[in-house]
Amino acid sequence: MRALFDEIDVDGDGRLSQKEVVSLIESTQIREGRDWFCKYHSQTVSRVEEAFKQFDIDRNGSLEYGEFIAMMAVKPWTALLDFGRNTPDEKGA
């Protein structure tokens, strides 16, 4: 789980911004062949904003690792756990 967090944390500051989480969701959908998903960018942003309201316990506007773990334990966020899995090598491609 830490490796996934570190991969999403593009700027390496030890916390996830809403932008980084939105980027994760959209890149995961594109990788899965759902290019059309990007049409729903504003809805994705809204969902992430709602998740931050719920899981950003210290209200600093970002998710630290513990807050990320709590979010990933709840649907629909658990689906993002596949982001770090199922790379082409692991699929046998």
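Structure summary
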read-out	value
Heavy-atom surface of the chain, accessible at 1.4 Å and reported per residue (Å²)	63 Å²
Charge dipole (the chain, unit charges on Cβ, about Cα centre) - positive-most of THR44, LEU4, ASN60	THR44
Contact order normalised by residue count of the chain, Cα under 8 Å, 6+ apart, percent	30 percent
Evaluated over the chain, the Cα radius of gyration and Dmax, each in Å	13.2, 42
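The values are calculated or read from the model by the stated rules, or taken from the named source; none is laboratory data. A quick note: this is a predicted structure, and the numbers were derived from the prediction, not measured. Positions of Cβ are backbone-derived with ideal geometry, glycine not excepted, and every protein chain shown enters the neighbour counts. SASA here: full protein model, heavy atoms, side chains in, ligands and nucleic acids out. Shrake-Rupley method; radii C 1.70, N 1.55, O 1.52, S 1.80 Å.
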